[in-house]
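Each remark here refers to the structure printed beneath this line.
The values are calculated or read from the model by the stated rules, or taken from the named source; none is laboratory data. From a predicted model like this one, the values you see are computed outputs, not experimental measurements. Counting neighbours? That spans all protein chains shown, and the Cβs are built from the backbone with ideal geometry, glycine included.
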Amino acid sequence: MNVIDIENLTKYYGKSRGIIDINLKVKQGEIFGFIGPNGAGKSTTIRTLLNFIFPTKGKATVLGWDVVKDSKLIKREIGYLPSEVNYYEDMKVNELFKYSASFYKIDCSERIKELVDIFEIDINKRIDSLSLGNKKKIGIAQALLHEPKLLILDEPTSGLDPLMQKNFFEVIKKENDKGITIFFSSHNLNEVQRLCNRVAIIKEGKILKVEEIEKIRGNQLKKVKLIFKNNIDAENFSLPEIINSNNENGFYEFIFNGDVNGIVKELSKYELENLWMEEPTLEEAFMQYYTREENK
């Protein structure tokens with residue numbers, strides 16, 4: 001079953017681009033990453049799924065329901081954390097949690113106690129006295145308190161300190177183990193690499209690629225570092241499969257996109273002092289999709 005199913009979803013703000021012909025399917029039970037730089041269209045896609053804004057064209061379903069016609073049903077079954085959290089400032093934290101729980105018409109008291117303990121939340125403080133990081137912790141707990149079927153997270157760790165980020169990752173994995181589907185938007189690729197099974201790469205409102213994390217990292221791409229004994233060799237060395245090379249004082253570094261046997265054969269013609277070859281990080285692999293798109 002596809003928990004999220006998007007077909008040709010497009011949103012324009014007047015003449016300004018939001019998203020263009022987005023097609024995306026998120027399977028039940030997976031942790032799905034939605035990655036791209038700020039302004040790429042991540043939040044616009046999410047806000048359209050939540051019916052906060054209306055699509056210009058296209059359609060989408062969440063949990064099998066139409067995002068426009070069945071918005072009320074969808075909101076009962078999902079948890080959502082926006083990139084920037086805002087609350088009624090004069091409320092206390094415990095009042096906010098009770099108010100939030102009232103929308104779901106279930107007893108969330110034990111769940112609230114559990115989340116308060118995990119995220120070290122002082123429920124007696126007023127919202128207006130809290131730091132950005134503490135407000136973000138409250139937002140995460142609020143998204144989880146009714147044990148949703150789908151969790152939508154937009155830049156969830158911004159403002160969290162490293163220890164609380166660790167707690168957050170542990171909670172998300174536990175929730176996923178229970179069967180909750182997680183749609184996770186971020187420009188922090190280390191987070192995505194740590195959490196997600198598959199990712200969609202978005203740029204300027206368009207999906208560039210949907211792929212499993214390991215395939216993005218390992219799909220023929222190799223990170224290569226060389227030290228030539230002769231600087232002239234470093235200057236002369238070249239292969240068409242080399243991407244984003246950098247040569248400085250005989251230290252030559254690049255991403256290689258091709259058959260590894262080809263580079264081994266070519267390197268046998270040169271004298272080397274050292275050689276390193278490894279899989280690129282997700283960030284390095286991710287940037288290749290952007291580079292290729294820009295060069296089209």
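Scan region 176-194 and tell me whether some residue there is crowded, with 18+ Cβ neighbours inside 10 Å, over 27 Å from residue 8 (Cα atoms) and at pLDDT 85 or above. No, there is no match, as no residue in region 176-194 is crowded, with 18+ Cβ neighbours inside 10 Å, over 27 Å from residue 8 (Cα atoms) and at pLDDT 85 or above. Against the criterion of being polar (S, T, N, Q), in the same structural domain as residue 25 (by TED's automatic domain parsing) and over 24 Å from residue 9 (Cα atoms), residue 109 qualifies.
Tally up the residues in region 146-179 that are part of a loop (DSSP other than H, G, I, E, B), touching a residue at least 40 places away in the same chain (Cβ under 8 Å) and of a type in the set (A, V, I, L, M, F, W, C), please. Break it down stepwise before answering.
Residues of region 146-179 part of a loop (DSSP other than H, G, I, E, B): 146-149, 155-161, 178-179.
From what's left, touching a residue at least 40 places away in the same chain (Cβ under 8 Å): 146, 148-149, 155-156, 158, 179.
With of a type in the set (A, V, I, L, M, F, W, C) added as a condition, the list becomes none.
Going through region 146-179 one residue at a time, the tally reaches 0.
Can you find, within region 77-119, the residue that is surrounded by the fewest Cβ atoms within 10 Å (Cβ to Cβ) among those that are part of a helix (DSSP H, G or I) and of a type in the set (Lys, Arg)? Looking at the filtered set, the residue picked out is 113.
Residue check: is residue 132 buried (at least 18 other Cβ atoms within 10 Å of the Cβ) and either in contact (Cβ under 8 Å) with a residue 60 or more places away in the chain or aliphatic (A, V, I, L, M) (or both)?
On the way: buried (at least 18 other Cβ atoms within 10 Å of the Cβ): no; either in contact (Cβ under 8 Å) with a residue 60 or more places away in the chain or aliphatic (A, V, I, L, M) (or both): yes.
Taking the combined requirement at face value, the residue does not satisfy it.
For region 245-296, filtering for residues that are acidic (Asp, Glu) and at pLDDT below 80 leaves 6.
A residue that is surrounded by 15 or more Cβ atoms within 10 Å (Cβ to Cβ), in a strand (DSSP E or B) and either assigned by TED's automatic domain parsing to the domain that holds residue 27 or touching a Pro at 6+ places or on another chain (Cβ under 8 Å) (or both) cannot be found anywhere in region 229-244.
Where strands (runs of 3 or more DSSP E) fall entirely within region 1-52, those with at least 1 residues that are touching a residue at least 60 places away in the same chain (Cβ under 8 Å) and among the polar types (S, T, N, Q) are at 16-27. Name the residue that is surrounded by the most Cβ atoms within 10 Å (Cβ to Cβ), counting only residues in region 56-76 that are outside any strand (DSSP E or B) and on the phi > 0 side of the Ramachandran plot. The extreme case among them is 63.
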